[in-house]
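Take a look at the structure set out below.
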Amino acid sequence: MIKKLLPAQAFRKLAVLYADMQSRYAEHAQALDLSCDGCPQNCCTSFFQHHTRIEWAYLLHGLSELPAERRAEYEERARLYVRDATAALTRGERPAIMCPLNDEGRCGAYAHRLMICRLHGVPNRLRYPDGRAVDFPGCFRSQELCAAADSFPVLDRTALYTRLMELEVQFVGPRQIRTLPRVDLTLAEMIVQGNPKL
Ligand code: SF4
């Protein structure tokens with residue numbers, strides 16, 4: 001039977017899972033000879049929505065440890081991001097706005113960044129319980145490398161994602177999770193909204 005964890009316990013498990021994601025990513029990037037060095041694009045302008053309260057809370061926990069001035073700067077950037085992304089979506093455009101936590105190419109919340117920030121770059125696959133599988137091509141550089149290769153490894157992130165969803169249940173609580181609405185928020189919206197309500 002799944003039991004609800006204390007936030008600190010859930011965060012420790014999430015840190016272990018994030019470390020596993022990082023090593024899986026590193027193996028695949030190495031096999032592909034993929035590096036972010038000198039990249040003319042920045043993945044941090046990609047429009048991503050995130051779906052777990054544990055990642056949301058862990059990110060905000062990381063931000064809460066920063067000096068107040070730096071945190072206030074990120075919060076202000078997050079408000080601007082939400083404003084500009086909403087305007088772009090209203091125009092029918094997909095937002096391409098720099099993440100509010102990106103400091104001239106460096107992630108301001110590196111240890112607490114979200115799953116998609118860790119796995120986006122390499123070709124990856126997600127398998128669903130109904131048998132469907134969805135493939136993601138990775139970043140533009142990864143796509144160029146794959147196009148030139150005879151074959152390339154695909155990171156199957158199903159097991160990592162399953163662990164994340166199990167942790168989400170342990171963090172929120174097995175009963176509470178059935179009553180809460182789905183999370184579908186950008187990182188900026190998570191910052192603007194503050195800690196998830198449980
Ligand atoms: S959290 Fe960090 S890695 Fe993720 S998009 Fe923002 S700046 Fe980039």
Practice task
Please find, within region 122-138, the residue that is farthest from the ligand (Cβ to nearest atom) out of those that are within 22 Å of Trp56 (Cβ to Cβ) and of a type outside the set (Phe, Trp, Tyr).
Solution key: Leu126
Handout entry: The one condition in (1) within 16 Å of the chain's Cα centre (by Cα); (2) within 18 Å of Val16 (Cα to Cα) that Phe171 fails to fulfil
Key = (1)
Handout entry: Neighbours by Cβ (under 8 Å, 6+ apart or cross-chain): first from region 138-150, under 18 Å from Phe48 (Cβ atoms); second surrounded by 12 or more Cβ atoms within 10 Å (Cβ to Cβ) and among the polar types (S, T, N, Q)
Key = Gly138/Asn124
Practice task
Please specify each residue of region 100-128 satisfying the condition of being assigned to a loop (DSSP other than H, G, I, E, B) and under 18 Å from Ser64 (Cα atoms).
Solution key: Pro100, Leu101, Gly108, Ala109, Arg113, Leu114
Practice task
Identify the single condition in (1) closer than 15 Å to Ala188 by Cα; (2) surrounded by fewer than 15 Cβ atoms within 10 Å (Cβ to Cβ); (3) among the aliphatic types (A, V, I, L, M) that Leu101 does not satisfy, given that it satisfies every other one.
Solution key: (2)
Exercise for the section: Check region 36-50 and report whether any residue there is surrounded by 12 or more Cβ atoms within 10 Å (Cβ to Cβ) and away from the ligand (no atom under 13 Å from the Cβ). Expected result: no
Exercise for the section: Return yes when Glu55 is in contact (Cβ under 8 Å) with a residue 40 or more places away in the chain and either among the β-branched types (Val, Ile, Thr) or within 26 Å of Leu6 (Cβ to Cβ) (or both) and no when it is not. Expected result: yes
Problem - Meets criteria (modelled with pLDDT under 95 and basic (Lys, Arg)) for Arg70 - result: no
Exercise for the section: Working carefully through the options Val134, Val122, Val169, find the one that is free of Cβ contacts under 8 Å to residues at least 40 places away in the same chain and either touching a strand residue (DSSP E or B) at 6+ places or on another chain (Cβ under 6 Å) or aliphatic (A, V, I, L, M) (or both). Expected result: Val134
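The values are calculated or read from the model by the stated rules, or taken from the named source; none is laboratory data. Fair warning: this is a prediction, and the values are worked out from it, not measured in the lab. Cβ coordinates were reconstructed from backbone atoms using ideal geometry, including for glycine residues, and neighbour counts include every protein chain displayed.
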